[in-house]
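S.K.: Structure in structure tokens, see below.
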Amino acid sequence: MKKVVTMLMVLGLFASISFAQQKGKNGLGFEFHMFPSTFMLEEGGGAMGVYFPIETTGGFLIEPSLSYYSYSSDTDYDDSSYDDYKSTSTEWSLVVGAFKLYEKEKLRFYAGVRIGKSWSAYESTGADDDEDDAFILAPTAGVEYFISDNFSFGGEGVYAMISSEDKEDEYTRTTKSTILIPKFIVRFYF
């Protein structure tokens, strides 16, 4: 719960900064994965982001994003010789992007970086609960096509580098992963 409150406070800060700017545009965006639906159905593959683009007058885009994913599995055995089993996995992430904008007619190109953090928790019957957090660094390039002044759709390529370290009494586990993520994003500006 503390993590949720912290993320909401950070988003509130970004929202207040965006509304304090009189000359830029603010908006709301939604992400759609470009992977096949079978990939999305697997555990860990369903996190989708909501974006809050803040366009500045200096030709920059600041874009906080928030994503949430939850997966639960409950197995109830009819035969009493087996114990019932339940597992739950939850993941939150808060990422802020900073981009330089390049505009040409109805197209807008942008390049920059997304930096943030993700928090995950895993619980299962008969095992210790596991909580983890990871640092996210993602060089990003994308393009938007404006259908009108207030609506755009576009594509984005994200080279995400994710690293985490989990220290326990007996060991330290360091995890690093890199992935190239294609995204389709729809943005509404107001």
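S.K.: At 0.36 nm per residue, minus the direct Cα-Cα distance, what do Ala98 and Phe135 gain on full extension? Give it in nm, one decimal, please.
M.R.: Full extension from Ala98 to Phe135 adds 11.7 nm.
S.K.: Further question: Among the listed pairs Lys106/Lys176; Lys106/Lys183; Lys25/Lys176; Lys86/Lys167, which have their C-alpha atoms separated by more than 31 angstrom in this model?
M.R.: Over 31 Å Cα-Cα: Lys106/Lys176; Lys25/Lys176.
S.K.: To continue, here is another question. Between Tyr82 and Tyr171, what length in nm is gained on full extension when 0.36 nm per residue of separation is reduced by their alpha carbon distance?
M.R.: Extending this stretch completely gives an extra 28.8 nm.
S.K.: Something else: Of all the accessible heavy-atom surface of segment 37-185, with the other protein chains kept in place and a 1.4 Å probe, what percent is carbon and sulfur?
M.R.: That fraction is 53 percent.
S.K.: Quick check on packing: order 51-64, 138-151 by the mean number of other C-beta atoms within 10 Å, highest mean leading.
M.R.: Final packing ranking: 51-64, 138-151.
S.K.: Then there's this: Give me the distance in nm between label points sitting 7 Å out from Cα along the Cα-to-Cβ direction at Phe32 and Val113, one decimal.
M.R.: 3.1
S.K.: Spin-label point model (7 Å from Cα, Cβ direction): what's the Ile179 to Ala160 distance in nm?
M.R.: Roughly 0.5 nm, to one decimal.
S.K.: Sticking with this one: Would you mind working out the accessible area per residue for segment 98-190, using a 1.4 Å probe, and quoting it in Å²?
M.R.: Per-residue accessible area for segment 98-190 comes out at 61 Å².
S.K.: If you take all C-alpha pairs in segment 44-190, what percent of them are over 18 Å apart?
M.R.: 64
The values are calculated or read from the model by the stated rules, or taken from the named source; none is laboratory data. None of these values were measured; they are calculated from a predicted model. Ideal geometry is used to build each Cβ from the backbone, glycine not excepted, and the neighbour counts take in all protein chains shown. Accessible surface areas use protein heavy atoms only, side chains included; no ligands, DNA or RNA. Shrake-Rupley method; radii C 1.70, N 1.55, O 1.52, S 1.80 Å.
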